[in-house]
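The values are calculated or read from the model by the stated rules, or taken from the named source; none is laboratory data. All values derive from a computational prediction rather than experimental measurement. Cβ: placed from backbone, ideal geometry, glycine included. Neighbour counts: every protein chain shown.
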Amino acid sequence: MRVIQVLPALQVGGAERLAVNLCIYHTAQTSPACLIYDSPSSTHYEQLLSKHQIPLYTVNKRRAYDVGVF
């Protein structure tokens, strides 16, 4: 099983922490995981995911509805 978490941002918060924990858990269970979010923000979550070698991808979405993301 492959796991992808998509978040609007990787700021400090409950949903973000849950997504990070799920990525770390699935990676430890040999299931590939990655996280996709809006833009880099240099939070401790990014450092934690890098430490566990979990890929991070950014979409650099604009503030309004952005069809170009898809």
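A few remarks follow.
- Residue list for segment 32-48, restricted to those being surrounded by 12 or more Cβ atoms within 10 Å (Cβ to Cβ), farther than 15 Å from residue 58 by Cβ and out of contact with any strand residue (DSSP E or B) (no Cβ under 6 Å at 6 or more places or on another chain): 32, 48
- Residue, surrounded by the most Cβ atoms within 10 Å (Cβ to Cβ), within segment 49-70, restricted to residues that are modelled with pLDDT of 80 or more and not in a helix (DSSP H, G or I): 54
- Top-ranked residue of segment 10-29 - restricted to ones that are surrounded by fewer than 16 Cβ atoms within 10 Å (Cβ to Cβ) and outside any helix (DSSP H, G or I), ranked as nearest to the chain's Cα centre (by Cα): 11
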